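**Q** Take a look at the following structure, please.
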Amino acid sequence: MANDATPIDRLSGLLRGGLLRGVGLVAVLAAIALAIGAAPAGGELWLGLGAAAALVAAAASLAVHGRFLRTGSAADGAHANAGALLAARLQALLAARLQALLAASLLIKLAVLGLALVALWRFGVKFEHTATFCVAYAAASLICQITSAGYVFRSLGARAAGAATAGPRESVADRGEN
């Protein structure tokens, strides 16, 4: 059932939705870059590999996000109604967990980039193509990060706005003033 989904499952779904939007945007921008000749001659392969490596890093980050956010989520749910002090502690724990999540995501992206650069160096890829790879990687990685964050922000903002407008309307109706 959709209502049985935990907040972690909903967040994972939002992140996957953001990643899918990022993949689409990266594909469109790569096609535009190739159409206007922004990639150097013979750089199409390296543009594609850079974008693909960034998408692999983003997907790996999402896998870590799900595992990382699930850690302790059962305890968080068990103490959800335990009082203001515990709620503040859980909020601090969640903030710390999210900061660690961002750090883990950055480390994954740097590891993928580092491994890719070592592979390019070992295969003797020219600087021009390595630069094309790196620019494509950076652009695709940034696009995936922005689309994921924006997708989550819009989705959570819409829910918060819906909850904020539903509360006063219900209270007015309960008082019989409407």
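**Q** Where in the stretch 92-121 does the amide nitrogen come within less than 17 Å of the point 7 Å from the Cα of Ala60, taken along Cα to Cβ?
**A** The answer is 101-121, whose backbone nitrogens lie closer than 17 Å to the label point.
**Q** Under a Cβ-Cβ cut-off of 12 Å, what is the net charge of the residues other than Ala103 that fall near it, where Lys and Arg count +1 and Asp and Glu count -1?
**A** Surrounding charge for Ala103 is +2.
**Q** What is the sum of charges, Lys and Arg at +1 and Asp and Glu at -1, for the other residues whose Cβ falls under 15 Å from the Cβ of Ala51?
**A** Here the charged neighbours net out to +1.
No value in this document is a laboratory result; all are computed from the given coordinates. Not measured: the values here are computed from a predicted model. Glycine also receives a Cβ, built like all others from the backbone with ideal geometry; neighbour counts cover every protein chain displayed.
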